[in-house]
Amino acid sequence: MPNEVRVKIVSHADIVAARQEARALAIEAGFSLCDSTLITTAISEMSRNVLEYAQTGEVTISLLRNGTKSGVKIVVQDCGPGIADIGQVMQDGYSSRKGMGIGLPGTKRLMDEFEIRSKLGNGTTVTMKKWNWNQ
Amino acid sequence: MSNLAAAIKVGERYQNALLEYLAAPEETALLGGYDLGRRALSEGLGVLELATIHSSAVATALNCAPDGDERERFLSTHTAFFIEALSPFEMGHRAFRDANAILRRMNDMLEGQAKRIAYALHSEAGQLLASLHMELANTARDLPPEKTTHLTKIRETLLEIENRLRNLSHELRPPVLDDLGLAAALALMAQGVSSRWGLPVIVTVDLKGDLPAVIENTVYRTAQEALTNAAKHSGANRAEVRVRQSDRKVVCSVRDDGNGFDDTGGLRKSRPGLGLTEIKERVGALGGIVRLARNGDRGTDLRIEIPLDI
């Protein structure tokens, strides 16, 4: 299995493909069923944003190795309108989610590392990592 | 949509989606489970409702299974679908945990501010007023007696200001907590209640170390409110305050042998006043609980439990 996979996100079916690839890598990295599900949840949330705000984008999933520790890295990139105020979108309750802790801030809580870069008119890139601590 | 209507609607879709997944356990069906969980969360359904929906969907699926082998396969695969549906709730749960931690930090910050303001009012403003009193006394000495009436009025007003500032400072943070610590402060309070109202109070404090300032203050306020109620309204002959640390919580119980409270009215009707409502708010903000119960045949047992780490 390759250590890096790219999936173009254009439709709902692509979210399924991205999740499938991420799940396969998560299993390879030794993640439990619960943690693999959290990883696919992060993919679903971020890809959903891509379809909603940028229409198209790309998810890159790669296997991480650091000594004996392994994990997965997910980069979700789009060329959409970008985010004017990142601090605002990272607040719980921003947008129409009624403050239930999902969306961007919810996804951040599922991962060990989460970074979002965006420039108005130049798209958005979210980079996330999750390590398998049970090794 | 009402919760019940939403639960029925999500339930029907969940049933179909689970059957699809069990027939062909693939990623598309898992994403369907996740989407349903997300929808359930948005519709205001709780995690227990989702668990009930899942359990009933599994029961139906097992009934539809053609043979024992298929049933075995269903039982070993349905969990992955359930975990997908629960995943949005996990995000909500983590958000709640974070919000609690933030609330606690804010409480500590507010308590710290209250402490500083209380000190400034009590100590700094108090010293300034004391020096003003001395100035006035000196001025009064230099004036003929008939001209000191006005100064006397000023002095009375100053005493009133001093009194109000002291009360305000005490309301913000009883200085005795910082001066003596919780155990001694409660013992002093018991002495005061005993001498002012003739109600003997036994205080027992069993703690493993210092408590966070905000919890100390809440325990102190609770004891104060409950003892004042007992002394003023319940006709109690004795009262007891017990504070102890158990596992990861602090429990404070204030018991008396007074008239107790009315079962139907409970806390609000028989014990009017904002005091107990405020206790509930303070304790609730710290993630704790308040219980009001009878103390044996007669009397009241007001108990608060505050977790030490959320």
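What the table shows:
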| item | result |
| --- | --- |
| Residue check, residue B:282 modelled with pLDDT under 90, over 13 Å from residue B:222 (Cβ atoms) and not in a strand (DSSP E or B) | no |
| Single residue of the range B:84-126 satisfying the filter (over 24 Å from residue B:211 (Cβ atoms) and charged (D, E, K, R)) that is modelled with the lowest pLDDT | B:124 |
| Among the candidates B:178, B:210, residue that is in contact (Cβ under 8 Å) with a residue 24 or more places away in the chain, of a type outside the set (A, V, I, L, M) and assigned to a helix (DSSP H, G or I) | B:178 |
| Selection within the range B:161-175 - in a helix (DSSP H, G or I) and either touching a residue at least 24 places away in the same chain (Cβ under 8 Å) or closer than 24 Å to residue B:252 by Cα (or both) | B:161, B:162, B:165, B:166, B:168, B:169, B:170, B:171, B:172, B:175 |
| Residue match in the range A:80-95 (condition: aromatic (Phe, Trp, Tyr) and closer than 26 Å to residue B:78 by Cβ) | no |
| Residue satisfying condition, being in contact with a helix residue (DSSP H, G or I) (Cβ under 8 Å, 6 or more places away or on another chain) and at pLDDT below 90, within set B:172, B:158 | B:172 |
| Output for the range A:42-79, where each listed residue is among the small types (Gly, Ala, Ser) and touching a helix residue (DSSP H, G or I) at 6+ places or on another chain (Cβ under 7 Å) | A:42, A:44, A:47, A:57 |
| Filtered residue count, the range B:39-72, keeping only those that are surrounded by fewer than 18 Cβ atoms within 10 Å (Cβ to Cβ) and not in a helix (DSSP H, G or I) | 6 |
| Residue satisfying all of: in the range B:91-110; more than 12 Å from chain A (Cβ to nearest Cβ) and charged (D, E, K, R); surrounded by the most Cβ atoms within 10 Å (Cβ to Cβ) among these | B:104 |
| Residues of the range B:129-178 that turn out to be under 27 Å from the mean Cα position of the chain (by Cα) and not hydrophobic (A, V, I, L, M, F, W, C), as a count | 9 |
| Only listed residue being closer than 23 Å to residue A:103 by Cβ and away from every other protein chain (no Cβ under 14 Å), chosen from B:49, B:12, B:27 | B:49 |
| One residue from B:36, B:75 being farther than 30 Å from residue B:306 by Cα, part of a helix (DSSP H, G or I) and within 14 Å of chain A (Cβ to nearest Cβ) | B:36 |
| Which listed residue, of A:60, A:41, is crowded, with 24+ Cβ neighbours inside 10 Å and β-branched (Val, Ile, Thr) | A:41 |
| Residue within the range B:12-24 that is surrounded by fewer than 13 Cβ atoms within 10 Å (Cβ to Cβ), among the acidic types (Asp, Glu) and farther than 30 Å from residue A:91 by Cβ present | yes |
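This table checks each residue for (1) closer than 30 Å to residue B:12 by Cα; (2) among the charged types (D, E, K, R).
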position	(1), (2)
B:64	yes, no
B:87	yes, no
B:108	no, yes
B:111	no, yes
B:116	no, yes
B:128	no, no
B:155	no, yes
B:158	no, no
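Residue-wise test of (1) outside any helix (DSSP H, G or I); (2) at pLDDT 95 or above; (3) within 13 Å of chain B (Cβ to nearest Cβ).
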residue: A:2; (1), (2), (3): yes, no, no
residue: A:8; (1), (2), (3): yes, yes, no
residue: A:19; (1), (2), (3): no, yes, yes
residue: A:22; (1), (2), (3): no, yes, yes
residue: A:41; (1), (2), (3): no, yes, yes
residue: A:45; (1), (2), (3): no, no, yes
residue: A:60; (1), (2), (3): yes, yes, no
residue: A:65; (1), (2), (3): yes, no, no
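The values are calculated or read from the model by the stated rules, or taken from the named source; none is laboratory data. For clarity, every value in this text was computed on a predicted model and none was experimentally measured. We place every Cβ from the backbone using ideal geometry, glycine too, and count neighbours over all the protein chains shown.
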